[in-house]
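Novice: Quick one: structure below, then a few questions.
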Amino acid sequence: MEKYNHKNIEAKWQKYWSEQPELYTAADESGKDKQYILDMFPYPSGNGLHAGHVESYTATDIMSRYLRLKGKNVLHPQGWDAFGLPAENYAIKTKIQPAITTRQAVATFKQQMKMMGFSYDWSRELNSSEPDYYKWTQWFFLLLYKNGLAYKKKAKVNWCASCQTVLANEQAEGGVCERCGHPVTQKDMEQWFFKITDFIEPSFAKATEAKERITSGLLDGLNKVDWPESTKAAQKNWIGKSEGAIIKFSIFNFQFSNKSQKPNGQKYFEVFTTRVDTIFGCTYLVVAPEHKILNELKLRIKNWPEVEKYLEQSNKKTDLERMESKEKTGVELKGIKAVNPFNGQELPLFVADYVLAHYGTGAIMAVPAHDQRDFEFAKKYNLPIKQVVKPKDVLRSVVVGITVEERFKEELKRNGIKFEVGLSKNKREHIRVILGKKQIEIYIKLAQTYLKPDSWVEIIGSENIFIFKDRVIKNFSFNDKKILNICQKFEPLVKHYKSLWEMLEANLFYQGWICYVDDGVLVNSGEYNGLTSAEAREKMTEWLEKEKVGRRKINYKIRDWLVSRQRYWGAPIPIIYCRKCSEISNNQFPISKQIPNPKNIKFQTTIFDGEEYAMIPVPEKDLPVKLPTDVDFMPTGQSPLVNSESFHKVKCPVCGSKARRESDTMDTFVCSSWYYFRYADVQNKKEFAGKEMIKKWLPVDLYVGGAEHTVLHLLYARFFTKVLHNLGYIDFDEPFLKLRHQGIILAEDGRKMSKSLGNVVNPDEVVKQYGADALRLFEMFMGPLEDMKPWNTRGIIGQVRFLEKIWQFYHKVKLTDCGGGANKPCENVPEGMPRLLHKTIKKITEDIEALRFNTAIAQLMIFINFASKAETMPQAAAEKFLILLAPFAPHLAEELWANIKSPLPPFAKGGSHSIFKEKWPEYDKNMVKNETINLVIQINGKTRDMIKVSADISEAEAKKLALASEKIKKWLVGKEAVKIIFVKGKLVNIVIK
RNA sequence: GCAGGCGUGGCGGAAUUGGUAUACGCGCUAGCCUUAGGAGCUAGUGGAGCAAUCUAUGAGAGUUCAAAUCUCUCCGCCUGCACCA
């Protein structure tokens, strides 16, 4: 018998497939149901494919092949996210044009993908760095600009003083320059932004022809897609919605003490808070160093030189320093007081860099008793701490301190309470108390290192709150029955320590020794006393609005998307700066039929060196704005494009006078925000994609890619989709219906694969040694798609054995036709084979649809393990098994298929066809049910016997048989069966006393 | 700190409408075959025990005839975000 030779087989079929591209082509004309199966398009790095690529591409390949066999019209494209920094950095080093290195890398990637047998529709290949693609990236920029969704403003960017260049956030991780290790500082520069913040909440359509349409927001849209919970959570977290209130604090009127009095136009400033309920505990206010009020009040601040010095210091601070020093610093603004509108109290004002300028109003009301950061600051600068919220329902309390620790232990012993002393992960000692039979545990953390003598731990009623030196650590609740139990058991202790608790409560809790951050009940808050935090927030906000000293406000952490990059290897921003046009009022956009401008948005202008320039969009007919090749890649602090005269010297498309082209390029995330539209209509020269084709193929049915893109790429792509929906281009507002992330494949040593550790698995080597089919199977068999899994080279042997086993079986087995297909019992065919085949069809069909490829492969193995013992097999069964195998190991399946269907070389005489033109087998419902089962007989839930019975055995019969069993009788001697449970088709459980 | 997730043999993992725990694979053990084997074949393989049997899904409790699966608490690990008021 010929040996299984993966090299010959795989090469042969890859050649065949490339000669028959229609096997994998998505048919624009077909009336069949469509399925759009998409991989996140890769960045073609010089290193080629890695194990993680292979994992996710194999998964989508199996899915695509399966769906085609199921008769679906499948769109499964691939392309290249080809702009980006590595290619440019390489160019700086070697002076080789990024376009050249990129093309080489693409060729490698593509060759490797073909080597893996992936069934991409290569007729739809795209490359984001090619002009026919980035033409449309630029078109999108103009679309946003003309709809007021792209704008320019000053912003802080990462700046490396050593490299003289702007850095992307990813290049400035940890606050140091990726290239030279120099600390990164913040520098103000004019930057382009996309208004992603317009799409957080649902919005009404802007396009004229779609008046009634509502576009779902980035938040609520998540509710209608099938995505991993963690990804949805990460997006929500990133958007960072918090509901609270803006409160106006008046500054000049020191007499402002009557709360019915209005601020009457006095100078005031606003703070944002989510905890209005704590406002009576506000003892000072803080503004960020960048807050504009500082300049306005400059003359009134008595210690201005000191303040100015502080501002300089904090401005100089790098991100790294700000991150490293958690120590809070600040300076009081002497001579300035602000007034709390609720009680008229005059409060000091501080500037401190623990307050962020870009969040909320850049100013806060500080409530040290109920906010950890304010607490730290107040402690440091000796500011008053005023308790206004206390935990609710204080029933009982037990107080334990370090000085009484031994006493406490003795007390426990004396009361017969079992306990053990352990260390938690923070090395805090705790006592675990076990109460009675029910074994309720209470962890009493003694935490010597955190507790001063006579500080304490409190157990209160429904909540158990551990309070350390300065804050509440944790709470948890018991149900009522348990509380009672605890209280009874702790009675003696409670008596013993109660007085100490009361003393401490009076002395500590209400005098600022601790910081209680949770909701509770209000105290020291005038008419609001006794309300819960939630009630108080509601009432106080109403009052603010009534008195016009504040309002309800929702704040978001997310900021507009900074899209400009001072870089070469990206899509140029299609804008032209014209001095002359800035003087003409009522500028109209250059003629553009494609991009509507329903609001008649005018050109924005910007200032360079004191001169105003109009920002003219490049007319559509002049797109793409191509990247020049006469550039020097050395970093100079500006985009390398600035050096190219031919690039930036242009005539204004509106007035024809001398003008200058924008030299910034776009973030690569812009390119990847819309590529999934392009696949639907990749050849289109008139539109980014034709309406009909979008309608036909989009949205994406299954999207698979790395979890590193949970936030940015997916959020930006959703934003683009919402913009298009909002402007009436498309009729859906979420691009990816179902999303899954492949888990990271770790190296054999359990660490991340990385070049520096030298533990990277190279797919080329693996394929050379074991074959693509083996690698595909192995990566799918390792475990669930989404789990993190370590590579294990030995494990791949198992897959090679599996493939060889199939090979050998198909070469030695005698195929028979018993005249009735796969189901009929045949001579010499093992009895269970037809049923096993149908079970296998069912299992594999269901597993593929749920992306459980590991268990699908296990089922293939079970079948072949069983079948390989047989000498004969029905022809129909042999064919069906190969079809089941085909999505997983396409090369071997084609080879064996050709073998059993027609003589090799394949289909040469038109005798047969590729296995991928076959139909996915259906299973017979009656055949997947067992005729007989092993009826499990349990006694008190423990299996004691098993008997082979008919699957549809009746309850009475089953019980009779169970009681008649010899093994069971033994257990029933002298016992009485109280109850007998019968589960149809499964078991009998006899309950005895 | 906040959010999401995880914890099952020597290893990767199966089994979650509660119903035979450890499918499938790797590894390991024994035997066969072979000049040889990091090849192949056969059998075995959670732990303890000669056996009957007992015992085991991070720990403990609860619900149930029955819990890896549901509830609660604790412990440990991973991922993302984080001075976001």
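Novice: So A:Q742 clears everything in (1) open to solvent by 20 Å² or more (accessible area, probe 1.4 Å); (2) under 20 Å from A:D132 (Cα atoms) except one condition, right? Which one?
Specialist: (2)
Novice: Shifting gears a bit: Can you tell me which of (1) open to solvent by 40 Å² or more (accessible area, probe 1.4 Å); (2) at pLDDT 90 or above; (3) under 31 Å from the mean Cα position of the chain (by Cα) is the one A:S756 doesn't meet?
Specialist: (2)
Novice: What number of residues in segment A:652-666 are out of contact with any strand residue (DSSP E or B) (no Cβ under 6 Å at 6 or more places or on another chain) and either within 24 Å of A:C160 (Cβ to Cβ) or in a strand (DSSP E or B) (or both)?
Specialist: Summing the residues that are out of contact with any strand residue (DSSP E or B) (no Cβ under 6 Å at 6 or more places or on another chain) and either within 24 Å of A:C160 (Cβ to Cβ) or in a strand (DSSP E or B) (or both) in segment A:652-666 gives 3.
Novice: Okay, moving on. Is there any pair with a first residue in segment A:216-228 that is closer than 14 Å to A:P699 by Cβ and a second that is among the acidic types (D, E) whose Cβ atoms are under 6 Å apart and which are 6 or more apart or on different chains, and what are they?
Specialist: Close Cβ pairs (under 6 Å, with a partner that is among the acidic types (D, E)) amount to A:S216/A:D733; A:G221/A:E734; A:V225/A:E734.
Novice: Kindly evaluate A:K993 against the criterion of being within 30 Å of A:F881 (Cα to Cα) and open to solvent by 50 Å² or more (accessible area, probe 1.4 Å).
Specialist: Judged against the criteria, A:K993 is not a match.
Novice: Only one of these conditions is not met by A:I933: (1) under 30 Å from A:I883 (Cβ atoms); (2) open to solvent by 30 Å² or more (accessible area, probe 1.4 Å). Which number is it?
Specialist: (2)
Novice: How many residues are at pLDDT 85 or above, under 30 Å from A:A357 (Cβ atoms) and among the charged types (D, E, K, R) if we restrict to segment A:506-545?
Specialist: Matching residues across segment A:506-545 total 4.
Novice: Please verify whether segment A:75-82 includes one or more residues that are closer than 30 Å to A:V166 by Cβ and either open to solvent by 30 Å² or more (accessible area, probe 1.4 Å) or in contact with a Cys (Cβ under 9 Å, 6 or more places away or on another chain) (or both).
Specialist: Step one: filter segment A:75-82 for residues closer than 30 Å to A:V166 by Cβ, giving A:79-82.
Checking the rest, the ones that are also either open to solvent by 30 Å² or more (accessible area, probe 1.4 Å) or in contact with a Cys (Cβ under 9 Å, 6 or more places away or on another chain) (or both) come to A:81-82.
Within segment A:75-82, one or more residues are closer than 30 Å to A:V166 by Cβ and either open to solvent by 30 Å² or more (accessible area, probe 1.4 Å) or in contact with a Cys (Cβ under 9 Å, 6 or more places away or on another chain) (or both).
Novice: Check A:L311 against each of (1) part of a helix (DSSP H, G or I); (2) more than 27 Å from A:K154 (Cβ to Cβ) and name the one condition it does not meet.
Specialist: Going through the list (1) part of a helix (DSSP H, G or I); (2) more than 27 Å from A:K154 (Cβ to Cβ), A:L311 breaks only (2).
Novice: While we're here: Taking A:T208 as the residue in question, decide whether it is at pLDDT below 85 and open to solvent by 10 Å² or more (accessible area, probe 1.4 Å).
Specialist: yes
Novice: Return the pair list, or none, for Cβ contacts closer than 8 Å from residues in segment A:782-803 that are small (G, A, S) to residues that are within 6 Å of RNA strand B (Cβ to nearest atom), at least 6 apart or on different chains.
Specialist: Hits for this filter: A:G783/A:K789; A:G783/A:N854; A:G795/A:M782.
Novice: Looking at segment A:523-548, which of its residues are in contact with a strand residue (DSSP E or B) (Cβ under 6 Å, 6 or more places away or on another chain), buried (at least 20 other Cβ atoms within 10 Å of the Cβ) and among the hydrophobic types (A, V, I, L, M, F, W, C)?
Specialist: A:A536, A:L544
Novice: Looking at (1) within 9 Å of RNA strand B (Cβ to nearest atom); (2) buried (at least 17 other Cβ atoms within 10 Å of the Cβ), which is the one condition that is false for A:Y359?
Specialist: (2)
Novice: Follow-up question, since we're still on this one. Out of segment A:120-157, which residues are in a strand (DSSP E or B) and either open to solvent by less than 10 Å² (accessible area, probe 1.4 Å) or in contact (Cβ under 8 Å) with a residue 60 or more places away in the chain (or both)?
Specialist: Residues satisfying the conditions are A:L126, A:A150, A:Y151, A:K152, A:A155, A:V157.
Conditions (1) at pLDDT below 70; (2) over 27 Å from A:S663 (Cβ atoms); (3) among the acidic types (D, E); (4) in a helix (DSSP H, G or I), marked per residue:
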residue	(1), (2), (3), (4)
A:E170	yes, no, yes, yes
A:E173	yes, no, yes, yes
A:E178	yes, no, yes, no
A:G181	yes, yes, no, no
A:D188	no, no, yes, no
A:G217	no, yes, no, no
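Novice: Kindly provide the set of residues from segment A:219-253 that are within 8 Å of RNA strand B (Cβ to nearest atom) and assigned to a loop (DSSP other than H, G, I, E, B), ordered by number.
Specialist: Within segment A:219-253, A:P228, A:G240 qualify.
Novice: In addition: For segment A:836-865, which residues satisfy the criterion of being open to solvent by 10 Å² or more (accessible area, probe 1.4 Å), of a type in the set (V, I, T) and away from RNA strand B (no atom under 13 Å from the Cβ)? Talk me through it step by step, then tell me what you get.
Specialist: Initially, segment A:836-865 is screened for residues open to solvent by 10 Å² or more (accessible area, probe 1.4 Å), giving A:836, A:839, A:842-843, A:845-846, A:849-852, A:854-855, A:858-859, A:861-862, A:865.
Those still in the list that are of a type in the set (V, I, T) too: A:845, A:855, A:862.
A:T845 - this is the single residue of segment A:836-865 that is open to solvent by 10 Å² or more (accessible area, probe 1.4 Å), of a type in the set (V, I, T) and away from RNA strand B (no atom under 13 Å from the Cβ).
Novice: Please go through segment A:802-829 and pick out each residue that is within 14 Å of RNA strand B (Cβ to nearest atom) and modelled with pLDDT under 80.
Specialist: None - no residue of segment A:802-829 is within 14 Å of RNA strand B (Cβ to nearest atom) and modelled with pLDDT under 80, so the list stays empty.
Novice: On to the next question. Name the residues in segment A:942-983 that are of a type outside the set (V, I, T), loosely packed, with under 12 Cβ neighbours inside 10 Å and within 12 Å of RNA strand B (Cβ to nearest atom), would you?
Specialist: Within segment A:942-983, A:K942, A:K948, A:E966, A:K969, A:K970, A:K979 meet the criteria.
Novice: In segment A:866-903, which residue that is open to solvent by less than 10 Å² (accessible area, probe 1.4 Å) and of a type in the set (G, A, S) is farthest from RNA strand B (Cβ to nearest atom)?
Specialist: A:A898
Novice: Still on this structure, please answer the following. In the set A:L757, A:L724, A:L739, which member is away from RNA strand B (no atom under 16 Å from the Cβ) and more than 23 Å from A:S868 (Cα to Cα)? Working first, answer last.
Specialist: Values: A:L757 fails: away from RNA strand B (no atom under 16 Å from the Cβ); A:L739 fails: away from RNA strand B (no atom under 16 Å from the Cβ).
Criteria check complete, one pass: A:L724.
Novice: Now, a different point. Based on this model, can you work out whether A:G117 counts as open to solvent by 10 Å² or more (accessible area, probe 1.4 Å), within 30 Å of A:K919 (Cβ to Cβ), out of contact with any Leu (no Cβ under 7 Å at 6 or more places or on another chain) and not in a helix (DSSP H, G or I)?
Specialist: Criteria not met by A:G117.
Novice: Do you know which residues across segment A:762-784 are assigned to a loop (DSSP other than H, G, I, E, B), more than 9 Å from RNA strand B (Cβ to nearest atom) and buried (at least 17 other Cβ atoms within 10 Å of the Cβ)?
Specialist: The answer is A:G771, and nothing else.
Novice: Does A:A87 qualify as being outside any loop (DSSP other than H, G, I, E, B) and either open to solvent by less than 40 Å² (accessible area, probe 1.4 Å) or in contact with a helix residue (DSSP H, G or I) (Cβ under 7 Å, 6 or more places away or on another chain) (or both)? Before the answer, list the steps.
Specialist: Working: outside any loop (DSSP other than H, G, I, E, B): yes; either open to solvent by less than 40 Å² (accessible area, probe 1.4 Å) or in contact with a helix residue (DSSP H, G or I) (Cβ under 7 Å, 6 or more places away or on another chain) (or both): yes.
Here the answer is yes, as A:A87 does meet what is asked.
Novice: I've got another one for you. Can you tell me which condition A:P42 does not meet? The list is (1) in contact with a His (Cβ under 9 Å, 6 or more places away or on another chain); (2) modelled with pLDDT under 95; (3) over 25 Å from A:D787 (Cβ atoms), and all the others hold.
Specialist: Among (1) in contact with a His (Cβ under 9 Å, 6 or more places away or on another chain); (2) modelled with pLDDT under 95; (3) over 25 Å from A:D787 (Cβ atoms), the lone unmet condition for A:P42 is (3).
The values are calculated or read from the model by the stated rules, or taken from the named source; none is laboratory data. Keep in mind that this is a model prediction, so the values were computed, not measured. Here Cβ is always computed from backbone atoms with ideal geometry, including for glycine, and neighbour counts include all displayed protein chains. SASA here: full protein model, heavy atoms, side chains in, ligands and nucleic acids out. Shrake-Rupley method; radii C 1.70, N 1.55, O 1.52, S 1.80 Å.
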